[in-house]
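The values are calculated or read from the model by the stated rules, or taken from the named source; none is laboratory data. On a predicted model such as this, the values are computed, not experimentally measured, just so you know. Using ideal geometry, Cβ is built from the backbone for each residue, glycine included, and neighbour counts are taken over all protein chains shown. Side chains included, ligands, DNA and RNA excluded: accessible areas come from the protein's heavy atoms. Shrake-Rupley method; radii C 1.70, N 1.55, O 1.52, S 1.80 Å.
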Amino acid sequence: MTLGSMGFSRGCFGQVVAVAVVGLVGCAAGDQDVSDMGRVEEHRSETAPVGDLFVDVTAVVGLNFEHVNGMSGEFYFNEMVGAGVALFDYDNDNDLDVYVVQGHILGPDVVAGDASLDPGLQGPLTDRLFRNDLDRDGGVLGFTDVTEASGLDARGYGMGVAAGDYDNDGWVDLYLLNFGSNQLWKNNGDGTFGDVTAASGTDDPRWSVSASFVDFDADGWLDLYVGNYVNYSIANNVECFNNIRTYCGPDGFVPVPDRLFRNRGDGSFEDVTASSQIGTEYGPALGVATADLDGNGWVDIYVANDLSENRSWMNQGDGTFVNTALFNGSALNETGDAEAGMGVDAGDFDGDGDDDLFISHLVTQTNTVYVNDGDGLFQDQSVRTGLGPPSLPFTGFGTAWFDFDNDGWLDVMVVNGAVDLLPRLVQARDPYPLHQTNQLFRNLGNARFEDVSMAAGASFEPSEVSRGAAFGDIDNDGDIDVVVTNNNGPARLLLNEVGNRNRWVGLRLVGATVDRDMLGTRVAVVRSGAPPLWRRVRSDGSYASANDSRVLVGVGESVITAVRAVWPGGGEEEWTDVAVNSWSTLRQGTGREVVR
């Protein structure tokens, strides 16, 4: 879908409307939606250069959200860490809805959800759920805030969100990570959610940031990995300085163990942190990604830790894990240093059939690329790929391997925002001197990347304190769009303008008897005269966020001969009639069995 000459806005009384841009339509004084829409459409259709890759349409589609971190001058550690965003189809209408995580005012006597230090001045702050009202016939994109009607009342100090159908009922559920107790919200299938945290046994009262739904034991039920950060509270806040007072880092606090919950299949979970060996080693966890890193058929768990060695938890297939990161080369960078891991993703960027790792880091550190040799051994190739040096002035958070131009090669986006006050901005008396611009890197197909941030368009010009990023085809037009969250700032929807100019295959992989996305499935698009393009079904990765669990594969000019699925727990099937340039659903058990 392209916006062309059609605008998308929320009308004067909150209705989602489409307005043809032939003139401005007035609203009551103070309503900026339609006039903003006119300006955005004029920029896109008349003055935008051909090379614009993404366009910010946030205001004109009604995705109105402003994150509040609660800063009061006390430099509370947690106020600059959040928050994330989820892309998931909560109402099963085949388009992606948006869940955005919120903070609130901080202080020793603040009630959860407080929006002001002065009681009564504002209503409570909560996370927000926006329903995608995509009109497929007219190509009109708009969002409606359905938080109240959904029953979601998430007033914790939010950090992240994970999405997955934990009870196999065909409706995607949400796990919310907080500075404080977490929550599991069951999707009731009627537009509402219910808090089942206590009944499911999934609460964790510690500071959690990222999580992943993953079927680690291949029993058909999604388990839950929760990444925990450090033992910090408002009461034990300390003052930290870097010439001037600034935010503290994790080194001044004790890390706490991550948690692994095994799904019993009856709506409850068992804490298997100890028996799985996950609890034997831990650091300040910020990013979590799951993939079969060593090709043994079992999904592994990779954890990016902040200023501590990363953990590569290799699944032994018997309910236990072994951390091999120091041995396999993914714990430290090539100089042997632990870096400030924030965002993380796994994907086959070099087209050799295995998943490589990308981790975003602190200013003066390079973002790191760990290239997989196919057996789960990694080499730091950050410099030679060209992804490392351009990241030195930035602090990266949300990130993903994704093919923004659908040429068959995975590109990289990193959203940035500092954690230590930036001297230049402090000198300029900036009220929140952490903001930076975001970056986009194009895969050249030769294991090297070029920085195309400057050519990406006006949507990459704002300097903000970006944190979460969720990736998915929001308008179902065959390319990957991005929702970015900003700490103490607005959420932004960046629509991809170029991807669907190339051919693509869109896939949803579901179970044999349940309409659940089969997270962990490896998918190959088989091409004539070229290696297959390998992707995986996932919703995790990035930072504190949940991605579109569907698989979108750009195929360029390739001739597609088959689509192959390698299901969790074994079993391989192939389909030879999958359409190009459209979305298809592949059900386990309906393809031709592939015997090795």
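Restricting attention to the range 157-170, report how many residues are surrounded by 24 or more Cβ atoms within 10 Å (Cβ to Cβ) and more than 21 Å from the chain's Cα centre (by Cα).
Final tally of qualifying residues: 0.
How many residues, within the range 312-338, are surrounded by 24 or more Cβ atoms within 10 Å (Cβ to Cβ) and closer than 16 Å to Thr385 by Cβ?
1
Output the number of the condition that Ala456 fails; it satisfies all remaining conditions of (1) closer than 30 Å to Asp348 by Cα; (2) open to solvent by 50 Å² or more (accessible area, probe 1.4 Å); (3) not in a strand (DSSP E or B).
The one condition Ala456 does not meet is (2).
Can you tell me which residues in the range 210-244 are of a type in the set (A, V, I, L, M, F, W, C), within 21 Å of Gly398 (Cβ to Cβ) and touching a helix residue (DSSP H, G or I) at 6+ places or on another chain (Cβ under 8 Å)?
Val230
Residue under question is Thr246, and the condition is that it be under 24 Å from His361 (Cβ atoms), in contact (Cβ under 8 Å) with a residue 12 or more places away in the chain, out of contact with any His (no Cβ under 6 Å at 6 or more places or on another chain) and surrounded by fewer than 22 Cβ atoms within 10 Å (Cβ to Cβ); does it hold?
yes
From the list Asp133, Asp173, Asp217, pick out the single residue that is free of Cβ contacts under 8 Å to residues at least 24 places away in the same chain and either buried (at least 24 other Cβ atoms within 10 Å of the Cβ) or not β-branched (Val, Ile, Thr) (or both).
Asp173
I need the full set of residues from the range 448-471 which are on the phi > 0 side of the Ramachandran plot and modelled with pLDDT of 95 or more, in order please.
None; the set is empty.
Is it the case that some residue within the range 398-421 is part of a loop (DSSP other than H, G, I, E, B) and free of Cβ contacts under 8 Å to residues at least 24 places away in the same chain?
no
Residue by residue, here is whether (1) buried (at least 23 other Cβ atoms within 10 Å of the Cβ); (2) under 20 Å from Leu440 (Cα atoms) holds:
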{"residue": "Asp477", "(1), (2)": "no, no"}
{"residue": "Thr485", "(1), (2)": "yes, yes"}
{"residue": "Asn502", "(1), (2)": "no, yes"}
{"residue": "Val510", "(1), (2)": "no, no"}
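Quick one: which strands (runs of 3 or more DSSP E) lie wholly within the range 183-271 and hold at least 1 residues that are at pLDDT 95 or above, over 30 Å from Gly170 (Cβ atoms) and within 24 Å of the chain's Cα centre (by Cα)?
Per the criteria, 223-228.
Looking for something at pLDDT below 95, of a type in the set (S, T, N, Q) and either on the phi > 0 side of the Ramachandran plot or surrounded by fewer than 16 Cβ atoms within 10 Å (Cβ to Cβ) (or both) - is there at least one such residue anywhere in the range 81-93?
no
Which one of the conditions (1) at pLDDT 95 or above; (2) more than 30 Å from Thr585 (Cβ to Cβ); (3) in contact with an Asp or Glu (Cβ under 7 Å, 6 or more places away or on another chain) does Ile105 fail to meet, given that it meets all the rest?
(1)
Only one of these conditions is not met by Leu293: (1) assigned to a strand (DSSP E or B); (2) of a type outside the set (Ser, Thr, Tyr); (3) buried (at least 21 other Cβ atoms within 10 Å of the Cβ). Which number is it?
The failed condition is (1).
Filter the range 512-525 down to the residues that are within 19 Å of Asp93 (Cα to Cα) and surrounded by 19 or more Cβ atoms within 10 Å (Cβ to Cβ) and list them by number.
Arg516, Asp517, Met518
Note down all Cβ pairs under 7 Å where the first residue falls in the range 143-155 and is under 16 Å from Pro124 (Cα atoms), the second is of a type in the set (Asp, Glu), and they're at least six residues apart or on different chains.
Leu152/Asp127; Ala154/Asp127
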